[in-house]
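Visitor: Take a look at this one; I'll ask things after.
The values are calculated or read from the model by the stated rules, or taken from the named source; none is laboratory data. These numbers were taken from a predicted model, which means no experiment stands behind them. Backbone-built Cβ (ideal geometry, glycine too); neighbour counts: all protein chains shown. The protein model used for the area step is the full one, side chains on, heavy atoms only, and it has no ligands, DNA or RNA in it. Shrake-Rupley method; radii C 1.70, N 1.55, O 1.52, S 1.80 Å.
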Amino acid sequence: MKRINLIVFFLFLSAAFSFACDMEGHFWFDVSNSEEEILYSGCYDAINSGPHIIEYILTKERAEATGIRRPNATFTQNRDGGILQKLLAEHGYSLPNHRNFTNSGYDRGHMAPNADFNDTSENALLTFFIGNIWPQTPNVNRVVWLGTEYETRKLASEYSQVKVVIITDEFSEEKIGNITIPSCFKRRVYDLQTGDLIYEIDVYQ
């Protein structure tokens, strides 16, 4: 398939699997690398201060990539070039800071994990975006949710390409600063070729 046709093909598939981001206080964003590839996209929930939706395509090659160490990095507000931060400010909202999570008892839990993008150091680093995380208990982040990430990579290897959608829309009454603590994280994985849902799990904390 020629390069231009391949690009159109993936744009069509991406649109077919996209979710709406039209609720009050919700804003769409993309995180792209220096090659202008969109690594992952999200619908940011500025009311609860975290991503309502994160979605991306995971390929077999990327899922099986090894050799890139986990970045020793701070979660910043500008991995997307500062676009989301500016958009939120225009509507009277702001992004949290890395330090807002410090000593909270919660981990900074990736929704799009760096291990799904460790084919290059740049791509892995771009997952350390404050708009890509929620507070997760250590057990959820390091055991239960981590297990769902492993399963997703296995499916990417099996199906060659999958669409990953993470949804966070259930919350507790607890907050750390302005960040509402989610009570559930929902992972949905689709076969990119057929659109079939091949894996779904809800992880409660």
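Visitor: Sort 83-89, 32-38, 42-48 for me by packing, meaning the mean count of neighbouring Cβ atoms within 10 Å per residue, highest on top. Provide the component values of the computation, followed by the final result.
Guide: Working: 83-89: 16.9, 32-38: 10.9, 42-48: 22.1.
Sorting 83-89, 32-38, 42-48 by mean packing, highest first, produces 42-48, 83-89, 32-38.
Visitor: Using a Förster radius of 30 Å, what is the FRET efficiency between Met23 and Arg69 based on their Cβ-Cβ separation? Nearest 0.05, please. Show your work: numbers first, answer last.
Guide: Numbers: r = 38 Å, r/R0 = 1.26.
My answer for the efficiency is 0.20.
Visitor: Run the dipole for segment 141-205 about the Cα centre, Lys and Arg Cβ at +1, Asp and Glu Cβ at -1, nothing else charged, and hand back the magnitude in debye, nearest 20. Intermediate results must be reported in sequence, preceding the final value.
Guide: Details: 8 positive and 11 negative charges, 49 e Å.
Magnitude of the dipole: close to 240 debye.
Visitor: So, one more: Hey, got the dipole for the chain? About the Cα centre, +1 on K and R Cβ, -1 on D and E Cβ, debye to the nearest 20? Walk me through the intermediate numbers first.
Guide: Details: 18 positive and 27 negative charges, 108 e Å.
That gives the chain a dipole magnitude of about 520 debye.
Visitor: Still on this model: Positive end of the charge dipole of segment 59-205 (Lys, Arg +1 and Asp, Glu -1 on Cβ, about the Cα centre): tell me which of Thr74, Gly92, His110 has its Cα farthest that way.
Guide: Thr74
Visitor: Shifting gears a bit: On the protein heavy atoms, probe 1.4 angstrom, tell me the percent of accessible surface of segment 124-169 carried by carbon and sulfur.
Guide: Numbers: 820 of 1540 Å².
C and S atoms contribute 53 percent here.
Visitor: Which Cα, out of Val31, Trp134, Cys43, lies furthest along the positive dipole direction of segment 16-145 (beta carbon charges, K/R +1, D/E -1)?
Guide: Looking along the dipole axis, the top candidate is Trp134.
Visitor: Now for a separate question. Students sometimes get this wrong: rank His98, His110 by accessible area, probe 1.4 Å, all chains present, largest first. Show your work: numbers first, answer last.
Guide: Numbers: His98 45, His110 10 Å².
Largest to smallest exposure gives the sequence His98, His110.
Visitor: Let me ask something else. With a 1.4 Å probe and every protein chain left in place, work out the accessible area per residue of the chain in Å², rounded to a whole number.
Guide: Numbers: 10320 Å² over 205 residues.
Solvent-accessible surface per residue comes out at 50 Å².
Visitor: I'd like to verify something in the chain: which complete DSSP H helices, judged by Cα projection on the helix axis, reach 20 Å or more and average at least 1.6 on the Kyte-Doolittle scale? List each step's numbers first, then the result.
Guide: Values: long enough: 3-17 (21 Å, 2.04); 145-159 (21 Å, -1.04).
Long hydrophobic helices here: 3-17.
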